[in-house]
Amino acid sequence: MSELKKIAILNTQVEARALEAMLKEQGIPFALHTYRDSALDGLFQDQEGWGHIEAPEENEAEILAVLQSLRESAESTDDASTDD
């Protein structure tokens, strides 16, 4: 595998797991890194996000497109649930 590059910060574990599933399905190589630190009981994650994704640079555009799609889908779901 090529050298990995930090591609994007992930906001939540749900977002990270959804992205992980989609990238595995598409056969795109990646690594997820959480910012979780049990000594600080997740304090760093509250400030900085859940973690980040790393991947070969040649996969950056594909990963960002998948992540954008996930975030747009989550936004539309959130908007629909607040319209009640």
Residue pairs qualifying under the 7 Å Cβ cut-off, at least six apart or on distinct chains, with the first in region 4-17 being assigned to a strand (DSSP E or B) and the second being buried (at least 16 other Cβ atoms within 10 Å of the Cβ) and among the aromatic types (Phe, Trp, Tyr), are 10/50
Note down all Cβ pairs under 8 Å where the first residue falls in region 63-74 and is within 10 Å of residue 15 (Cβ to Cβ), the second is open to solvent by 50 Å² or more (accessible area, probe 1.4 Å), and they're at least six residues apart or on different chains.
-> 70/22
Does at least one position in region 14-28 carry a residue that is open to solvent by 80 Å² or more (accessible area, probe 1.4 Å) and at pLDDT below 95?
-> yes
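The values are calculated or read from the model by the stated rules, or taken from the named source; none is laboratory data. Every value quoted in this text rests on a predicted model; they were computed, and no experiment measured them. No Cβ is skipped: glycine too gets one built from the backbone with ideal geometry, and neighbour counts run over all protein chains shown. Quick note on the areas: whole protein, heavy atoms, side chains included, nothing else; ligands and nucleic acids left out. Shrake-Rupley method; radii C 1.70, N 1.55, O 1.52, S 1.80 Å.
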